[in-house]
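A quick write-up on the structure given underneath.
The values are calculated or read from the model by the stated rules, or taken from the named source; none is laboratory data. Computed from a predicted structure; not experimentally measured. Quick reminder, even Gly has a Cβ in these numbers, built from the backbone with ideal geometry, and neighbours come from all protein chains shown.
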Amino acid sequence: MAADKKVLMAMFMKMQEDVLKFIPENERPDVTDLVGFGSQQFLNPKVTECKGYRFPPPFSAETVEWQYDNWTPTDKDVLVASYPKTGTTWTTQIVKSVIYKDDENMMALMKVITPNISYLESGTPKNYDIMLKLPWKRKIWGTHLPAPLINMERLKKNRCKIIYVMRNPKDQVVSWFNMNKNMPFNKTEEMAKHFPAEWNAFFETLVNGKQPVHSKEGEWYPDHILSWYPYRNDDNVLFLMYEEMKKDPAKEIKKIADFLGVKRSDEEIGELVEATSFQSMKKEASKPMSQMSFFRKGKVADWKNQLTVAQSELMDEKFNEKLSGIDIKFTYE
Ligand code: PPS
């Protein structure tokens, strides 16, 4: 076995073992294929496709298809849905803390659950075995899938709670660029075509819908919002804005707690604001999470340091055109 592969297998095995510790030994699923899958994606990163939607590694079209047919959450499940770099990690941490704040064992589990396991479209369907066997009272999932790739009717019928978080697209683009620049997957020639390391080229591929980000050819962030927008008033769905969370985190955390049916006092909300602040989360982050820009600046309006005036105007034009019929207003300052 090549040295690289051995190191990767050991790294993925360690990640799995950290989680499997929470499942009684005689019930632990065999994770050999998951470990192999994770390493293989690093060694040979590929875009995969289902129903015309394309997925970058570490996501998998096969798992997306499996999920649509088989994943059956209940009213105890919570799904945090978003387009990449719009506040997923932050919102997920708030949900985890709102629910499990007082449970040391569960907070320890939350620390080792990564998107590699809890995202609907990550890894192989074996992830679902792990997620179902973990001892949590309420399971917390994540996804960047557009709504048509999720069985929304089933989720509504089963009263699974869904939080969809959005962010102004200019800050999203800059955050996404910075993450991709450092992504080990993008070092191959094929992947670098989709996600160029140079800003202007990256911007061009993005706004022309050339990047495979859980999207069909020609689609990008506005299409993701359009796919989720019809569900915004459903009882089991809550729409949030990153900039609102920045402006008044206590108010938005209270909104999340109420939506989840968890009673939290004002004092507890204050503690949650502190525990989920950018500084606290950055300090607590695992090494891989910090290296992959999950916690970069955490600001509103950082786009001004990256986009040219022409690029900013082009984004306004494209967003206004696609979202003209819907009631979503972004905060850019
Ligand atoms: S991912 O990779 O799609 O899951 O990324 P995502 O978590 O959606 O978005 C990453 C950006 O969110 C910022 N972030 C935060 N902002 C404010 N408060 C907190 N607690 C927080 N945690 C993460 C993170 O820094 C990324 O934004 P940028 O602009 O790159 O800093």
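Miscellaneous remarks
- Screening Val300 against (1) of a type in the set (Val, Ile, Thr); (2) over 30 Å from Thr114 (Cβ atoms); (3) within 16 Å of the ligand (Cβ to nearest atom) leaves a single unmet condition, (2).
- Residue within the range 226-239 that is touching a residue at least 40 places away in the same chain (Cβ under 8 Å), in contact with a helix residue (DSSP H, G or I) (Cβ under 6 Å, 6 or more places away or on another chain) and within 14 Å of the ligand (Cβ to nearest atom) present: no
- Candidate set from the range 52-70 (those that are among the charged types (D, E, K, R) and out of contact with any Asp or Glu (no Cβ under 8 Å at 6 or more places or on another chain)); member that is farthest from Phe185 (Cα to Cα): Asp69
- Residue list for the range 115-145, restricted to those being surrounded by fewer than 17 Cβ atoms within 10 Å (Cβ to Cβ), over 18 Å from Ala257 (Cα atoms) and either among the basic types (Lys, Arg) or at pLDDT below 95 (or both): Lys133
Results for (1) at pLDDT below 95; (2) within 14 Å of the ligand (Cβ to nearest atom); (3) of a type in the set (A, V, I, L, M, F, W, C), shown as yes or no for each residue.
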site: Thr276; (1), (2), (3): no, yes, no
site: Met289; (1), (2), (3): yes, yes, yes
site: Glu313; (1), (2), (3): no, no, no
site: Glu317; (1), (2), (3): no, no, no
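- Test: residue in the range 240-250 that is away from the ligand (no atom under 16 Å from the Cβ) and under 19 Å from Ser82 (Cβ atoms): no
- Which listed residue is over 19 Å from the mean Cα position of the chain (by Cα), within 22 Å of Arg154 (Cβ to Cβ) and of a type in the set (Lys, Arg), from Lys5, Lys76: Lys76
- Test: residue in the range 178-196 that is over 14 Å from Val80 (Cα atoms), of a type in the set (D, E, K, R), under 20 Å from the mean Cα position of the chain (by Cα) and not in a loop (DSSP other than H, G, I, E, B): yes
- Filtered residues of the range 254-289 (kept if of a type in the set (A, V, I, L, M, F, W, C) and more than 16 Å from Thr88 (Cβ to Cβ)): Ala257, Phe259, Leu260, Val262, Ile269, Leu272, Val273, Ala275
- Flag for Asn116 being closer than 30 Å to Glu274 by Cβ and touching a helix residue (DSSP H, G or I) at 6+ places or on another chain (Cβ under 9 Å): yes
- Within the set Glu321, Glu243, Glu333, Glu274, the sole residue that is closer than 22 Å to Val173 by Cβ and free of Cβ contacts under 8 Å to residues at least 12 places away in the same chain turns out to be Glu321.
- The set of residues in the range 178-199 being more than 16 Å from the ligand (Cβ to nearest atom) and in contact (Cβ under 8 Å) with a residue 40 or more places away in the chain consists of Thr188, Glu190, Met191, His194.
Listed here are the residues, each with its yes/no results for (1) touching a Lys or Arg at 6+ places or on another chain (Cβ under 6 Å); (2) closer than 27 Å to Ala285 by Cβ; (3) at pLDDT 95 or above.
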position: Phe55; (1), (2), (3): no, yes, yes
position: Pro58; (1), (2), (3): no, yes, no
position: Asn70; (1), (2), (3): no, no, yes
position: Thr91; (1), (2), (3): no, yes, yes
position: Lys96; (1), (2), (3): no, yes, yes
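- Single residue of the range 147-177 satisfying the filter (outside any helix (DSSP H, G or I) and near the ligand (Cβ under 10 Å from one of its atoms)) that is farthest from Phe202 (Cα to Cα): Val165
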